[in-house]
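The values are calculated or read from the model by the stated rules, or taken from the named source; none is laboratory data. Nothing here was measured: the structure is a model prediction, and the numbers come from that model. Using ideal geometry, Cβ is built from the backbone for each residue, glycine included, and neighbour counts are taken over all protein chains shown. All accessible areas refer to the heavy atoms of the entire protein, side chains included, with ligands and DNA or RNA removed. Shrake-Rupley method; radii C 1.70, N 1.55, O 1.52, S 1.80 Å.
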Amino acid sequence: MKKMITLLNGSQLEVGLTGAEDRNAIMLPIAKKSVTGQEAETLKLWGVDPELGAKFIDGLSGEFQILHFDYEGHYMAHPHPEHFTPEYIAQDLLRIADQMNVNRFSYYGYSWLALVGLQLALRTDRMESLIMGGFPPYEGPYEEMRVVTTKTYEGALKQHEESGEIHSAEALMKVEELSPDQLDWDNVELKIDPAQTKQFATLYQGLIDFDDQRIQTQLNIPRLAFAGERDTIAYGEKFGSVTVDIAGRLQKNKKILENLGWTVEIIKGTDMDHTKAMQPSTVLPIIHPWLKAHLS
């Protein structure tokens with residue numbers, strides 16, 4: 001089943017619901033549509049499966065009901081920069097669940113969509129379980145990401161003011177024909193709509209006083225956190241000269257999190273960086289059996 005849902009900002013998002021109606025629902029904010037042609041080849045160059053969303057949905061829909069939608073892609077196309085706060089996003093997601101008649105659900109999100117899941121869990125009693133990939137739920141790098149996203153917005157704004165050009169979000173992924181290991185991020189021109197980047201600056205600014213250590217006792221549902229062991233990104237001067245150490249934070253607090261009731265997985269592998277650890281072939285073998293065990 002597919003349906004057009006009107007979000008808080010008045011824009012319409014296509015939402016799908018697939019799988020057995022009598023099974024537990026999983027909220028999956030991932031695009032199902034596969035990418036083809038040159039765009040697919042570019043994604044492969046970066047280690048991204050062009051059929052990522054479809055594989056996640058196919059891998060889970062046999063035993064669960066999947067509520068899926070391309071939340072990130074939608075807001076890149078319909079930016080809402082001034083209001084993209086944790087509270088706003090949580091209301092958006094609950095609105096989607098309401099209009100699709102999904103009362104209770106589990107949630108899986110990766111990177112910033114993982115922290116969104118944590119914020120949602122604190123604002124509703126409808127969540128049955130939470131899976132956070134690529135963002136630690138304890139001592140998360142909120143300040144570092146606030147710096148990175150603010151610098152990204154400022155860079156995009158400056159580029160736009162100087163050149164008057166606005167390109168799509170994919171511009172950051174298509175820098176000439178360089179492979180990721182050849183790319184010097186400090187020399188990347190941010191030819192991207194400032195409104196797109198400001199959304200994420202707004203999100204992290206809204207988390208400036210958030211203390212993810214104090215809220216742990218409020219979480220009484222099954223919870224899983226995972227990251228690749230090489231998930232550490234050192235940003236250069238253009239992005240604030242900060243290091244976002246996802247794997248290090250998760251490893252450091254693994255025992256604390258487990259004592260708090262979390263399941264924690266550090267995915268081993270010299271290539272397990274932020275991108276590799278989000279691919280279906282890596283994630284499904286972790287989350288599928290975990291969901292079966294905790295929702296049965």
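Scanning the stretch 125-154 for residues that are more than 21 Å from Lys252 (Cβ to Cβ) and open to solvent by less than 30 Å² (accessible area, probe 1.4 Å) gives Met127, Ser129, Thr149, Thr152. Annotation note: of Leu291, Leu203, Leu250, the sole residue that is in contact (Cβ under 8 Å) with a residue 12 or more places away in the chain, in contact with a Pro (Cβ under 6 Å, 6 or more places away or on another chain) and under 21 Å from Ala121 (Cα atoms) is Leu250. Considering Ile256, Ile287, Ile246, Ile266, the condition of being open to solvent by 40 Å² or more (accessible area, probe 1.4 Å) and among the β-branched types (Val, Ile, Thr) is satisfied by Ile256 alone. Of all residue pairs spaced 6 or more apart or on separate chains, those with beta-carbon atoms under 9 Å, a first member in the stretch 75-101 that is in contact (Cβ under 8 Å) with a residue 40 or more places away in the chain and a second member that is outside any helix (DSSP H, G or I) and of a type in the set (Phe, Trp, Tyr) are Tyr75/Phe84; Pro86/Phe210; Leu93/Tyr107; Ile96/Phe69; Ala97/Phe105.
Of the helices (runs of 4 or more DSSP H) lying entirely inside the stretch 19-94, those containing at least 2 residues that are modelled with pLDDT of 85 or more are 52-60, 71-77. Looking at the stretch 96-110, can you tell me whether even one residue there is surrounded by fewer than 21 Cβ atoms within 10 Å (Cβ to Cβ), in contact with a helix residue (DSSP H, G or I) (Cβ under 9 Å, 6 or more places away or on another chain) and of a type in the set (S, T, N, Q)? Yes, there is a match, as at least one residue in the stretch 96-110 is surrounded by fewer than 21 Cβ atoms within 10 Å (Cβ to Cβ), in contact with a helix residue (DSSP H, G or I) (Cβ under 9 Å, 6 or more places away or on another chain) and of a type in the set (S, T, N, Q). On the given criteria, is Ala114 at pLDDT 95 or above and touching a Leu at 6+ places or on another chain (Cβ under 6 Å)? Considered against the rule, which asks whether it is at pLDDT 95 or above and touching a Leu at 6+ places or on another chain (Cβ under 6 Å), Ala114 comes out as no.
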